[in-house]
Amino acid sequence: MSPIPLVIIGGGPAGYTAAIYAARAGLHPVLYQGPNPGGQLTITGDVENYPGYRNGITGPAMMEDFQAQAERFGTIVKAGTITKVDFAAYPLELILDSGEKVVAKAVIIAAGASAKWLGLPGEKRLYGRGVSACAICDGFFFKGKTVVVVGGGDTAAEESLYLANLCQQVHLLVRKDHMRASKIMQERVLKNPTIQVWFQTEVKDIIGQETVEAIEVINPEATTRIPAAGLFVAIGHQPNTLPFLPYITVDHQGYIQTNPGTTQTNIPGVFAAGDIQDPHYRQAVTAAGTGCMAALDAERFLQQASRN
Ligand code: NDP
């Protein structure tokens, strides 16, 4: 089996940007989209802060543009998830969920991050029956109803605002006495009459057998039951590093560590881009930026390897 010059793992902004650069450099990249083609932007609403879209664009439409642009220059985009790797071998070995083995001279890991959960028993049991991590995907089912959102970041703010357009009432639970969300988002949330913000409040229990009926919450004053049909968990993300952990060095939060100012991981020929290596910024535009860096780093690595 002759090795593929460059395999890109992940079909979000980082992966597709890496693909655009690598394809234009003649590296003939193969991109595996992973379990969620398009990445997290496919479960978001309007993207208003990606430069170049002066009127904003929906996340899914933007990712269609990214993919089309990558394919235009010859990227081979494939469905499939990398479940295992052998980075002690060279060429680098990757195993797909289908069981197929792929070998590559260079790899860019751009597998992103996934939603975190609260870890309450009712959460798994009632997932899809009132519990959700995506207002854009599931909000429609709660039209005219009361819902609870958990989290104090931009995602929680965005989800609350989206749900406020559909629901009768939105309760936003923030565990600290302040929100972490950007100022503009906080202001929008706080002045929205449909959203009630509960500070220093956490979920104690999710009440309901077949569907969510109420959320039991606890704060310094009391334990309260909020009757609600839905619980939207928006408490951040964890990097999707599992298949790479035996080989790749990660930081204390589990994000892939790269050499400062580059996308180089601890394994020669393996680069990381996007949310999987970024605990700080986690924006589409920064993911795209590191995708570009990874393609340039991979190109340089392959050039050097071909000289040796
Ligand atoms: P963040 O990590 O920014 O925020 C997570 C929030 O969830 C925090 O308020 C945190 O509380 C809270 N939280 C974490 N664990 C728990 C728990 N167990 N129980 C209750 N609350 C909990 O994640 P986001 O997904 O909101 O945002 C990620 C990044 O994406 C950010 O950089 C954000 O700016 C960006 N983003 C930008 C958007 C935009 O610009 N349109 C839209 C969405 C996201 P605490 O503060 O106490 O730690």
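The values are calculated or read from the model by the stated rules, or taken from the named source; none is laboratory data. Note that this is a predicted model, so its numbers are computed, not measured. Here the Cβ positions follow ideal geometry from the backbone for every residue, glycine too, while neighbour counts run over all protein chains shown. Just the protein is used for accessible areas: all its heavy atoms, side chains included, with ligands, DNA and RNA removed. Shrake-Rupley method; radii C 1.70, N 1.55, O 1.52, S 1.80 Å.
Structure data summary
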{"item": "Accessible surface of the chain [probe 1.4 Å, protein heavy atoms]: carbon and sulfur percent", "result": "51 percent"}
{"item": "Principal-axis tilt of helix 13-24 within the chain, Cα atoms, nearest 10 degrees", "result": "20 degrees"}
{"item": "Estimated vicinal HN-Hα couplings, Hz - the range 75-86 in sequence order (Karplus 6.51, -1.76, 1.60; Gly, Pro = x)", "result": "5, 8, 9, 10, 6, x, 10, 7, 9, 8, 9, 10"}
{"item": "5 angstrom amide H check on Q257, placed H, neighbours 5+ away", "result": "T249, V250, D251"}
{"item": "Value at 222 nm in deg cm²/dmol, rounded to 500, when DSSP H runs of n ≥ 4 in the chain each add -39,500 (n - 2.57)", "result": "-7500 deg cm²/dmol"}
{"item": "Dipole in debye (nearest 20) - the range 1-122, about Cα centre, beta carbon charges: Lys, Arg +1; Asp, Glu -1", "result": "200 debye"}
{"item": "Under-5 Å amide H pairs with A113, H placed in peptide plane, nonlocal only", "result": "N240"}
{"item": "3J(HN,Hα) from dihedral phi, the range 174-186, Karplus parametrisation 6.51/-1.76/1.60, rounded to Hz, x for glycine, proline", "result": "10, 6, 8, 8, 8, 8, 8, 4, 4, 4, 4, 6, 4"}
{"item": "Efficiency of FRET between I76 and E187 - r from beta-carbon atoms, R0 45 angstrom, step 0.05", "result": "0.50"}
{"item": "Using a Förster distance of 25 Å, the FRET efficiency for S98-Q238 (Cβ separation, nearest 0.05)", "result": "0.50"}
{"item": "Candidates per GluC sites (Glu not before Pro) in the range 1-103, loop by DSSP, up to 13 other Cβ within 10 Å", "result": "E48, E100"}
{"item": "Förster-model FRET efficiency, 22 Å R0, Q257 and N49, C-beta, rounded to 0.05", "result": "0.20"}
{"item": "On Cα atoms only, tilt of 154-164 relative to the major axis of the chain in degrees", "result": "50 degrees"}
{"item": "Straight-distance crosslink candidates among aspartates and glutamates, where the alpha carbon sits under 19 Å from K116 and sequence neighbours closer than 8 are dropped", "result": "D138, D154, E158, E159, E202, D205, D251, D275, D278"}
{"item": "Local electrostatic count at D251 - Lys and Arg +1, Asp and Glu -1, tallied over other residues with Cβ under 14 Å", "result": "-2"}
{"item": "Local electrostatic count at T263 - Lys and Arg +1, Asp and Glu -1, tallied over other residues with Cβ under 12 Å", "result": "-2"}
{"item": "Unit charges on C-beta of K, R, D, E only; dipole of the chain, Debye", "result": "220 debye"}
{"item": "Karplus 3J(HN,Hα) series, Hz, for the range 198-203 with 6.51 cos²θ - 1.76 cosθ + 1.60 (x for Gly, Pro)", "result": "10, 8, 6, 10, 10, 7"}
{"item": "Angle in degrees between helix 59-72 and the longest Cα principal axis of the chain, rounded to the nearest 10", "result": "10 degrees"}
{"item": "Cut-off under 5 Å, modelled amide H: who pairs with N192 long-range", "result": "none"}
{"item": "Neighbourhood charge, 13 Å Cβ-Cβ cut-off, centred on S182 and excluding it, Lys, Arg +1 and Asp, Glu -1", "result": "0"}
{"item": "Accessible area per residue, Å², the chain with all protein chains present, probe 1.4 Å", "result": "49 Å²"}
{"item": "Pairwise label distance in nanometres, N219 with H280, each label 7 Å out on the Cα-Cβ vector", "result": "3.3 nm"}
{"item": "Farthest positive-ward along the chain dipole, Cα basis, beta-carbon charges - from Y281, A164, A18", "result": "A18"}
{"item": "Backbone N under 12 Å from the R175 label point (7 Å along Cα→Cβ), restricted to the range 230-249", "result": "234-237"}
{"item": "Sparse-neighbourhood loop sites, trypsin sites (Lys or Arg not before Pro) in the range 10-100 - DSSP loop, at most 12 other Cβ within 10 angstrom", "result": "R54"}
